[in-house]
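Taking it in order: structure first as C-alpha cells, then the write-up.
Throughout, read-outs are computed from the coordinates displayed, never taken from laboratory work. If you're wondering where the values come from, they're calculated on a predicted model, not measured in any experiment. Because the Cβ atoms are built from the backbone with ideal geometry, glycine has one as well, and the counts that use them run over all protein chains shown.
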C-alpha cells in the first residue's frame with residue numbers, strides 16, 4: 001500500500017525548495033536561504049515517518065554544511081543557518097561512516113534487495129561465457145563487493161562439462177573506506193575463498209593488490225601467458241576523478257584513434273586505457289545510473305535528489321532492521337555530492353549514457369550476453385516483491401525501482417583496431 005505524504009510534501013515541492021536554498025546559499029543571500037530552510041524544516045526530518053521526509057532532510061543537511069564556507073563571513077546568522085549544528089569538523093573534508101560489517105551482516109545486506117545481486121549475476125554470467133573452454137583464467141577485481149560474488153562463479157566453473165579451469169583472482173583493495181566496509185581482513189576473505197574452491201575441486205590462487213587505481217600500471221597485474229583475463233568493476237570506478245591527467249602506460253599506445261597520443265586523460269579514461277592494454281576477454285561494469293558530475297551545484301543537486309530518493313524508498317520496504325544505519329551512510333554520500341568540491345568531492349556518479357560514451361571513446365564495444373543470463377537476471381529480480389524490474393537497453397541490463405533506473409550492468413571488450421590495407425581495394 002502506498003504511503004500518504006504529508007500535506008504539501010511532494011518530491012517536486014521538496015526539490016523546488018532545495019533548489020531555492022542552494023541558489024540562495026551560492027548567492028550569499030541569507031534572507032532567501034533562511035526562508036527556504038524554514039519551509040524545508042517543516043516538511044523534512046531525518047527521523048521522519050516517510051522516506052521522502054528523510055531524504056529531503058539529508059539534502060538540507062548537506063546544503064547547510066556547504067553554507068559553512070560560503071556564509072562564514074556573514075554576521076549574526078540565524079540559528080537554522082548555523083552550520084555548527086550540522087558539522088563540527090572541517091566541512092571540506094570527505095567524511096566516511098565508521099560502521100564496519102561482519103560476514104553475516106554483509107550477506108544480509110546483499111540478500112536484502114537485488115541491488116548488489118543484480119551486478120554480481122550479470123558480471124558472473126558474462127565472465128563465465130567469456131571463459132568458456134579456457135583452462136587457465138585470471139579475474140582482476142575492482143569492486144566494493146568484498147568478493148561476495150565469487151563463490152557463485154566458482155560453483156559454476158566447477159560444474160563445467162570439460163572440468164574446472166585453474167582460477168587466479170587478484171583483488172585490488174581500496175585505499176578509501178568505501179562503504180560497505182568489512183571488518184574481517186582481505187587475508188581472511190582469501191582464506192575463505194580458497195577453502196571454498198578446494199571443496200568444489202577448483203584449482204585456485206588468491207592475490208591482494210594494494211595500490212590506488214590512479215597509479216596502477218600493467219606490471220601490477222602480473223599477467224601470465226596462456227591465461228584468459230576478465231576485469232570486473234563494480235560500484236568502484238565512480239570514485240575515480242574526472243579531472244585531466246597525463247598518460248602513463250609506457251609503450252601502450254592510446255587504444256582509439258579518437259584519443260591522440262600525448263593528450264591528457266581524466267583518471268577514468270586513464271584507467272580504461274590500462275584495461276584496454278591488458279586486452280581482457282571481458283570487462284564487466286556495474287554502476288549507478290545518475291549524472292552527478294556537474295560543477296554546477298543546482299544541476300548536481302537536481303540529478304542527485306532524483307536518484308537518491310530511490311534507496312531511501314526501497315529501504316523503507318526491505319530494511320526492517322538497521323534502516324537508520326543504512327540511511328546515515330547514504331546521508332554521508334549525499335553530503336559529499338552536495339557539500340564538497342574539488343578533490344574532496346569523490347562521489348562522481350555518471351549515467352549509463354555517459355559511461356557508454358566514455359567506453360566507446362576508449363574503443364570498447366558492448367558484449368552481448370546470452371539469453372540464459374538475461375533470463376536468470378529477470379527471475380532473480382522477480383523473486384523480490386513488487387517495485388523491482390529490469391529492462392535491456394543496447395545490450396545493457398538496467399535495474400529499475402518503480403520504473404526509475406537505479407543501476408546498470410554491462411559487458412565490454414576492446415574493439416579490434418581498424419585494418420590498414422596495403423593496397424587500394426578499388
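Couple of notes before you dig in:
- With all projection directions averaged, the alpha carbon convex hull of segment 166-243 covers 6.4 nm².
- If the chain linking residue 371 and residue 205 were pulled fully straight, counting 0.36 nm for each residue of separation and taking away their Cα-Cα distance, it would gain 56.7 nm.
- Highest mean packing first, where packing is the average number of other Cβ atoms within 10 Å per residue, the peptides 220-230, 348-358 line up as 348-358, 220-230.
- Here the extension length gained between residue 35 and residue 357 equals 111.8 nm, from 0.36 nm per residue of separation less the Cα-Cα distance.
- Across segment 287-332, the fraction of Cα-Cα pairs farther apart than 12 Å, rounded to a whole number, is 64%.
- Ranked by the mean number of other Cβ atoms within 10 Å of their residues, highest first, the peptides 367-380, 35-48, 134-147 come out as 134-147, 35-48, 367-380.
- Label sites at residue 175 and residue 341, each approximated as a point 7 angstrom past Cα along Cα to Cβ, lie 2.5 nm apart.
- Binned Cα-Cα distances of segment 180-224, short to long, each 10 Å bin given as a whole percent: 21, 39, 35, 5
- Taking the inverse of the mean 1/r over every pair of distinct Cα atoms in segment 276-388 gives a Kirkwood hydrodynamic radius of 16.8 Å.
- Among 193-200, 297-304, sorting by the average number of other beta carbon atoms lying within 10 angstrom of each residue, highest first, gives 297-304, 193-200.
- Each label point was placed 7 Å from the Cα along the Cα-to-Cβ direction; for residue 105 and residue 294 their separation is 3.6 nm.
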